[in-house]
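Input: a single structure, listed below in C-alpha cells.
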Amino acid sequence: SLVPATGRLAVERDAVSLALLPRDTLDVDSFAGPLRRYRERLQGGSLPPATLSGCLAELHAAAALYTADLLPECYDDWILPERERFHEDYLWALEQLAVLAKRWGDDERALAYAQRLVAADPLRETAHRELMRLYHILGRHRAALEQYAAVRKLLADELGVEPAAATTAL
C-alpha cells in the first residue's frame, strides 16, 4: 500500500519518485553497501584474521537480502543492466563467502555457500569445482564424483561441451 507514502510521492509525466525520510532504508543499499566495503578492504591488502568473522557476518546478511532479481516483473530496457549488476554482485558475494568460510575453518558453511552459488548460476563451472573440492575435504568422495557427473551432464545438455580440463583433472 502506498497510503503511508502519501505526500512523499512526486508524480511527473514519465516518472514517479519517492522522497525518502532519514529512517527509510532501501534493500538495494543494504545489499550493495557491505559488498562495497568488503571490496575496499580487499583492495587495501589482506584481511587480518580478526576481521574475518565480521566480514563473514556482513556479507552473509547482504546475501540474505537477495531473494530474487531486481524488479523481476519489469521488462523495461533501463532495468536490465541494473538487474544483471545486482545478480553478478550476488554471485560474487557467494564466492567470497565460501572463501571466507574456508579461511575461518568452516568447510561445512563454505559448502553451503558453494551450493547456493551453483543453484544461482548452474553453468558456472568454477563453482562446481569448488563444490567438488569441498566435498572431498569433508570426506564426501561419492558426492564429489556425483557433482562431476552432474556438471558434465549439464554442460553437455545445455552447451554441448565437455567440462574444462581442470574440472576433469580434479
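Between the DSSP loop rule and a limit of at most 16 other Cβ atoms within 10 Å, which GluC sites (Glu not before Pro) in the range 45-106 are left?
Answer in residue order: 73.
Angle between the Cα long axis of helix 125-137 and the longest principal axis of the chain, 0 to 90 degrees, nearest 10?
Helix 125-137 sits at roughly 60 degrees to that axis.
From the P(r) of the range 43-119, could you give the percentage of C-alpha pairs in the tail past 20 Å?
38
Report, to the nearest 10°, how far helix 27-43 tilts away from the longest principal axis of the Cα atoms in the chain, using its own Cα long axis and a range of 0 to 90°.
Taking Cα atoms only, the helix is inclined about 50 degrees.
For the chain, report the translational diffusion coefficient in µm²/s to the nearest whole number, using Stokes-Einstein at 10 °C, 1.306 mPa s, and a Kirkwood Rh over Cα pairs.
It comes out at roughly 85 µm²/s.
Taking the Cα centre of the range 14-99 as origin, work out the dipole magnitude from +1 charges on Lys and Arg Cβ and -1 charges on Asp and Glu Cβ, in debye rounded to 20.
Dipole about the Cα centre, nearest 20: 600 debye.
Take the range 96-148, drop everything but the C-alpha atoms, weight them equally and run the Debye formula without solvent; then report log10 I(q)/I(0) at 0.21, 0.23, 0.26 Å⁻¹ to two decimals.
Normalising to I(0) and taking log10 leaves -0.66, -0.79, -0.98.
Mind checking the angle between helix 49-65 and the chain's longest principal axis? C-alpha axes, 0 to 90 degrees, to the nearest 10.
Taking Cα atoms only, the helix is inclined about 60 degrees.
The chain: longest stretch without exposed trypsin sites (Lys or Arg not before Pro) (DSSP loop, at most 12 other Cβ within 10 Å), sites themselves excluded?
Result for the longest clean stretch: 24-170.
DSSP loop (so not H, G, I, E, B), at most 11 other Cβ within 10 Å: list which chymotrypsin sites (Phe, Trp or Tyr not before Pro) in the range 11-86 pass both filters.
75, 78
Where a number appears in this text, it was derived from the coordinates with a stated rule and is not lab data. Owing to the predicted nature of the structure, the values given are computational and were not obtained by experimental measurement. Counting neighbours? That spans all protein chains shown, and the Cβs are built from the backbone with ideal geometry, glycine included.
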